[in-house]
Amino acid sequence: MSDVFISYSTDAKPWAERLSESLEQKAVSTWTDFKSIRPGQRWAEEIQRALDDAKCFLIVVGHKNHIGEWQDREWQGALERTWADPRKRIIPVLVGDALPPSFLKNWVPVQIQPDAPESSWIDKIYDAVRGTAPGVRGGLAKKKKKKKRRPDKAFQARLNKIEGAALQLKSSQKE
């Protein structure tokens, strides 16, 4: 099972490869067709399973925005799953001057400049995936457990008096 499903327009495959590798180095498991589908597997079923399992979808769009039939199917599948489960999210990743496809216009993208160093964009994507970016809910970040608060001494004393009174009332009713 992978945390992130990476889909990409044909011209953005090198960026998808870099993203997958960089996220894996940060301990985020990714699913991509080029590394996750093996000979002998039924690839359509594998894609559907990976779409079901993913918590987050990165849609990588290159400046030429070459979209084939399978990219379209993957993108529709990602949309369906985010509609069905509000904890799942789509994060558009736009390379260079790429424009988002119309179905992604409601999602805030991360822009990658081809000549910029990876360090200028990978942390933005990592934070968005983990759900720690400003304004992002959900994601892969582990929730902190709330510590049980111990009641203060005054409250505890009142509680003890009430329990004592309840026990006295109960014992008097038995007699």
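The values are calculated or read from the model by the stated rules, or taken from the named source; none is laboratory data. Just so it is clear, the structure is predicted and the values come from calculations on it, not from any experiment. Heads up, the Cβs are rebuilt from the backbone with ideal geometry, glycines too, and the neighbour counts pull from every protein chain shown.
Does residue 119 satisfy being of a type in the set (Ser, Thr, Tyr), more than 14 Å from the chain's Cα centre (by Cα) and modelled with pLDDT of 75 or more?
It is true that residue 119 is of a type in the set (Ser, Thr, Tyr), more than 14 Å from the chain's Cα centre (by Cα) and modelled with pLDDT of 75 or more.
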Would you tally the residues in region 1-30 being under 16 Å from the mean Cα position of the chain (by Cα), not hydroxyl-bearing (Ser, Thr, Tyr) and not in a loop (DSSP other than H, G, I, E, B)? 6
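Can you tell me which residue in region 53-79 is farthest from residue 109 (Cα to Cα), limited to those that are of a type in the set (D, E, K, R) and exposed (fewer than 14 other Cβ atoms within 10 Å of the Cβ)?
So, considering only residues that are of a type in the set (D, E, K, R) and exposed (fewer than 14 other Cβ atoms within 10 Å of the Cβ), the one farthest from residue 109 (Cα to Cα) is 69.
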